[in-house]
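Everything on this sheet refers to the single structure shown next.
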Amino acid sequence: MVSGGVLIAAHLTGVLVVAHGPLNRTLSNLVQLAALMAALSCFLAAYRSFGELEYTLDMLEKAEQKFRLLFASNPEPMLVYDRQTLRFLEVNNAAIEKYGYTHAEFLALKVTDIRPPEDVPVFLNTVRLNRLKTSGPHFGQWRHRHKDGRVLNVEVTAQGLEFAGRRAVLVVVKDVSERMQLGEQLRQAQKMEAVGRLAGGVAHDFNNVLTVITGYASILMESLEPDSPQALDLRQISKSADRAAALTRQLLAFSRRQVLQPRVLNLNSLVLNAEKMLERLIGEDIEIHLSLEASLGSVSADPGQLEQVIMNLAVNARDAMPDGGNLMFETRNVEVEAPRSLGHFRVAPGSYVMLAVSDTGCGMDEETVGRIFEPFFTTKEKGKGTGLGLSTVYGIVKQSGGYVWVESAPGEGSTFTIYLPRVEAPADDEGDEPLSAAKRGGETILLVEDDAVVRELARRILGGSGYYVLPAGGVVEAERFCRQHAGNIDLLLTDVVMPGMSGRELARKLAVMRPRMRVLYMSGYTDNVIVHRGVLDPGTHFLQKPFTPPALLEKVREVLDGRLEPEPKPADPCLA
């Protein structure tokens, strides 16, 4: 292409051929000027083109640097591999950190080398199918393998592209191992919660039945000679009922619907006291070893329930060591700085006291560990265990605000670890007060129980000990007694869970008419009506079903003789 300056110069040169004299000199100067302008124009055009090219190359280089920086510094692992050979062409820093290979080691591998061998055929088939599809990103969930052999659960996004003149695939990897673990923890917790609700419901109904069985068996035995055949039969009935009641208590413990009476205590003292009983329980062929931290912090828990936890874990360890072995108890203060996944739990940050119980027994496989806390699950022979020992441990620890999990492998023994929240208060070393003999009374008791058989049993027991009983089957009858009874009503004995109105609501309603009337609750299980997380509200008296006649009389006398305290008001009326 010829510039305008060159054309002008050529035209003027042609005119110069026919010009003469001064005109010739003038034209000559013009031609020289035009030629100079033409040359300058060509130079400027060439310089501008070169500058644009240089600018373009510079921008491309900067863009490449930016994208390379984004690739290298992306927090998610990114892998590029050859579509045909499956060999890695490039990886970023996150991939090097995630998989443990160096950059050079990665470029010597194929994409199949970072997968478990059993997953490779499925992957190759997926690659073949993706080649037949139209271009676009492909998504999937896979298992990748770390250099040290660990398996990583990952989600990948794969996109075809041209890389260094080759047909390649860019893979962006997201490690979802922790997310999958949390999902499994949630499923396990939901399963345990569902089983717990079922167990609690069964225990509630069963306790009413057991109350009647044990109560009437006790009444009948009082009227018979101790050595009579009928008395012996009744004792067998009572023993069987006691065994059933123990199973029910274990179900309540697992479902976290038992009533706790917590004290501030030191786990070291609890373990040392339990050691004396364990020596007789587990046998001489098992040695007990203690590793107790001297400056161990305090916990707030029910000592009787924690003793049951220790005994159940010890019995479980004994059964795992039929030929003898070692049983270790360890306590330690533990600080959890950030949420941690332990077993099937996400432990919240805080200060804890740890109790670990380890054995050198046969151990358990992964499947057994996953079910070990389920009610009625047992690896023992039929008739050798109820399958409720470890589920009871689970329920007591959870209701105490703690965590429990197990680590085990076949042939390597088991370790049960418990975390209980640490409290600053000093341990309370007061012992349990002995029960006094049940006394007769002459007070008036308003008995409210919707189960007619249980109501009649309680009426007979109380009436037989001198109390005047007003039996009510529900709220309407109870209100009528409060309005129409001429004398004092000294005690309201009411079931907690009743149709239409809870025992707590009834007590508050009747307190308007009878403000000096004391209250004793009874129930086969607990809910948030009179407890919070299984702990009785301050000033609340409770009798657990099933109860025996002496236990009922003892508790009634205790409440009537105790200091009268006002009915506590909950912070949240929705809990009432």
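A few remarks follow.
- Lone unmet requirement of (1) crowded, with 18+ Cβ neighbours inside 10 Å; (2) modelled with pLDDT of 90 or more; (3) within 29 Å of residue 223 (Cα to Cα) for residue 547: (2)
- Residue 298 being among the small types (Gly, Ala, Ser) and surrounded by fewer than 18 Cβ atoms within 10 Å (Cβ to Cβ): no
- Filtered residues of the stretch 260-291 (kept if modelled with pLDDT of 85 or more, over 15 Å from residue 419 (Cα atoms) and open to solvent by 20 Å² or more (accessible area, probe 1.4 Å)): 264, 269, 272, 285, 287, 288, 289, 290, 291
- Against the numbered list (1) at pLDDT below 80; (2) surrounded by 13 or more Cβ atoms within 10 Å (Cβ to Cβ), residue 190 comes up short only at (2).
- Hits in the stretch 283-308 - residues which are in a helix (DSSP H, G or I) and in contact with a strand residue (DSSP E or B) (Cβ under 7 Å, 6 or more places away or on another chain): 303, 305
- Candidates 358, 341, 391, 351, filtered to the one that is modelled with pLDDT of 90 or more and either open to solvent by less than 30 Å² (accessible area, probe 1.4 Å) or in contact with a Leu (Cβ under 9 Å, 6 or more places away or on another chain) (or both): 358
- Leading residue by the ranking (modelled with the highest pLDDT) among those in the stretch 58-82 that are under 15 Å from residue 156 (Cβ atoms) and open to solvent by 40 Å² or more (accessible area, probe 1.4 Å): 76
- Wholly within the stretch 85-182, strands (runs of 3 or more DSSP E) carrying at least 1 residues that are open to solvent by 60 Å² or more (accessible area, probe 1.4 Å) and in contact with a helix residue (DSSP H, G or I) (Cβ under 8 Å, 6 or more places away or on another chain): 138-145
- Contacts under 7 angstrom Cβ, first residue in the stretch 473-500 being closer than 16 Å to residue 442 by Cα and in contact (Cβ under 8 Å) with a residue 40 or more places away in the chain, partner part of a strand (DSSP E or B) and among the small types (Gly, Ala, Ser), 6 or more apart: none
- Top-ranked residue of the stretch 217-259 - restricted to ones that are under 38 Å from the mean Cα position of the chain (by Cα) and among the polar types (S, T, N, Q), ranked as modelled with the highest pLDDT: 240
The values are calculated or read from the model by the stated rules, or taken from the named source; none is laboratory data. What you see is a predicted model; the values in this text were computed from it and never measured. Cβ atoms come from the backbone with ideal geometry, glycine included; neighbour counts cover every protein chain shown. The protein model used for the area step is the full one, side chains on, heavy atoms only, and it has no ligands, DNA or RNA in it. Shrake-Rupley method; radii C 1.70, N 1.55, O 1.52, S 1.80 Å.
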